[in-house]
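For reference, the structure is listed below as structure tokens.
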Amino acid sequence: AQSVTQLGSHVSVSEGALVLLRCNYSSSVPPYLFWYVQYPNQGLQLLLKYTTGATLVKGINGFEAEFKKSETSFHLTKPSAHMSDAAEYFCAVSRGGYQKVTFGTGTKLQVIP
Amino acid sequence: GAGVSQSPSNKVTEKGKDVELRCDPISGHTALYWYRQRLGQGLEFLIYFQGNSAPDKSGLPSDRFSAERTGESVSTLTIQRTQQEDSAVYLCASSFPGAMNTGELFFGEGSRLTVL
């Protein structure tokens with residue numbers, strides 16, 4: 001079985017500050033990992049993904065995440081928060097193929113001017 | 001189509017009525033998912049289709065909920081005798097076939113259901 005834990009349902013940062021959203025996973029096989037973003041009243045869109053290869057993954061809007069197998073983590077970071085980053089962020093894990101995707105409970109990011 | 005299409009985008013119904021929500025996935029995507037998102041909550045898995053079969057429907061909350069998929073394309077989620085707690089946004093997502101599938105999902109905009 002696979003699972004995802006997102007620490008902190010709400011995170012607030014000041015504009016220009018570092019954004020760090022935490023995600024830990026459990027999986028019996030090497031996973032595929034994802035971060036999705038959901039803006040108000042919209043569906044989810046892919047922010048970035050790790051499948052194989054380089055463990056530091058860069059995504060859209062200046063976000064990046066690092067796959068750390070030893071820590072079973074895939075934390076999302078952005079050096080400098082922008083007001084437009086206010087949204088809900090979901091971490092997800094999959095084993096690919098015919099296996100379903102499991103989502104974390106989400107983290108709402110608030111950016112304070 | 002170019003993206004995942006869901007209809008209706010908004011549905012208001014009275015308690016006890018049946019509703020049907022439709023999802024049209026990206027052409028060629030054999031995997032299709034339904035999720036429920038209550039106001040202020042995360043994603044709640046409902047059912048997963050691979051082709052026309054549903055290997056995992058463990059998330060359907062009660063026997064009032066059912067889903068079907070025909071021709072490896074359109075899927076319909078049906079909620080019978082709706083209750084107020086069914087009010088939520090129902091999200092559909094699709095992904096690439098089997099061996100090509102890394103698990104990346106492509107989401108529709110959702111169907112917002114309000115039960116009065």
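Of all residues in the range B:9-48, which are open to solvent by 20 Å² or more (accessible area, probe 1.4 Å), touching a residue at least 60 places away in the same chain (Cβ under 8 Å) and aliphatic (A, V, I, L, M)?
Once the filter is applied, which keeps residues that are open to solvent by 20 Å² or more (accessible area, probe 1.4 Å), touching a residue at least 60 places away in the same chain (Cβ under 8 Å) and aliphatic (A, V, I, L, M), the range B:9-48 yields B:12, B:26.
Taking the range A:89-99, which residues are surrounded by fewer than 21 Cβ atoms within 10 Å (Cβ to Cβ) and at the interface with another protein chain (Cβ under 7 Å from one of its Cβ atoms)?
Matches in the range A:89-99: A:96, A:97, A:98.
Here's the yes/no breakdown for (1) in contact with an Asp or Glu (Cβ under 8 Å, 6 or more places away or on another chain); (2) without any contact (Cβ under 8 Å) to a residue 24 or more places away in the chain:
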{"site": "A:37", "(1), (2)": "yes, no"}
{"site": "A:59", "(1), (2)": "no, no"}
{"site": "A:62", "(1), (2)": "no, yes"}
{"site": "A:88", "(1), (2)": "no, no"}
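Filter the range A:67-87 for residues that are within 14 Å of another protein chain (Cβ to nearest Cβ) and over 10 Å from the mean Cα position of the chain (by Cα); which is nearest to residue A:22 (Cα to Cα)?
A:67
Could you count how many residues in the range A:60-72 are at pLDDT 95 or above and open to solvent by less than 40 Å² (accessible area, probe 1.4 Å)?
2
Restricting to the range A:88-113, and then to whatever is within 18 Å of residue B:34 (Cβ to Cβ) and assigned to a strand (DSSP E or B), can you tell me which residue is nearest to the chain's Cα centre (by Cα)?
A:90
The values are calculated or read from the model by the stated rules, or taken from the named source; none is laboratory data. Since the model is a prediction, treat every value here as computed from it, not as a measurement. All Cβ positions, glycine included, derive from the backbone under ideal geometry; neighbour counts span all protein chains shown. Ligands, DNA and RNA are excluded from the accessible area calculation, which covers all protein heavy atoms including side chains. Shrake-Rupley method; radii C 1.70, N 1.55, O 1.52, S 1.80 Å.
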